[in-house]
């Protein structure tokens, strides 16, 4: 990958893989063409959200989210969404920084047919991957037994699939341009 040579660098779903976002943004900045190079970064904030109070704050799904984000942060590979993204991009020197936030339903609870479909498919992926994403962090960082993780995951899956809970995650789409050299 040559320095100053790329028109576009796209990355997505790297939470849990990155220890230092400023370091990644620095590398991207160096490799983009000055004045023309853009970066696009897409991340899903896995912490479940609920605007209407239908999901209790002490639910298994919320507990799962809190435990998972805490464990991965302690392991220096945080799954938590980086709330410093704009500041990190600005410090690096990017310009024309834009963020779009999209609510992604966790199951088919919305009445809108398109959102219902998104929720259906997103739910399928979450339900199938919940144990896989949870087992390592919760057993290694907190010392839980597999049975304890299985119990939390099973309860979280029930709530994840219940349409009475109007839950969603935020997807963040960032774009920014490397300015021309002064």
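Values quoted throughout were computed directly from the atomic coordinates according to the rules given, and no laboratory measurement underlies them. Please read these numbers as outputs of a predicted model, since none were measured by experiment. Reconstructed Cβ throughout: ideal geometry from the backbone, glycine too, with neighbour counts over all protein chains shown.
Points worth noting:
- Semi-axis lengths, Å, region 119-182, gyration tensor of Cα atoms, sqrt of 5 times eigenvalues: 33, 20, 9
- The label-point distance for residue 91 and residue 26, in a model that sets each label 7 Å from Cα toward Cβ, rounds to 1.0 nm.
- For region 8-177, pairs of C-alpha atoms spaced more than 19 angstrom apart make up 60 percent of the total.
- Helix axis angle, 146-161 relative to the chain longest principal axis, alpha carbon, degrees: 90 degrees
- The fewest-to-most ranking of 104, 149 by surrounding Cβ atoms within 10 Å reads 104, 149.
- Under the shape rule built on the C-alpha gyration tensor, where the axes satisfy a ≥ b ≥ c, region 8-109 is prolate, since a/c reaches at least 1.5 and a/b is greater than b/c.
- Length gained on full extension, residue 120 to residue 146, computed as 0.36 nm times the residue gap minus the Cα-Cα distance: 6.6 nm.
- Helix 60-74 and the longest principal axis of the C-alpha atoms of the chain enclose an angle of approximately 40°.
- Remark: the residue 77-residue 170 segment gains 31.5 nm on full extension, using 0.36 nm per residue and subtracting the alpha carbon distance.
- Degrees separating the helix 113-142 axis from the principal Cα axis of the chain, which is the longest one: 90 degrees
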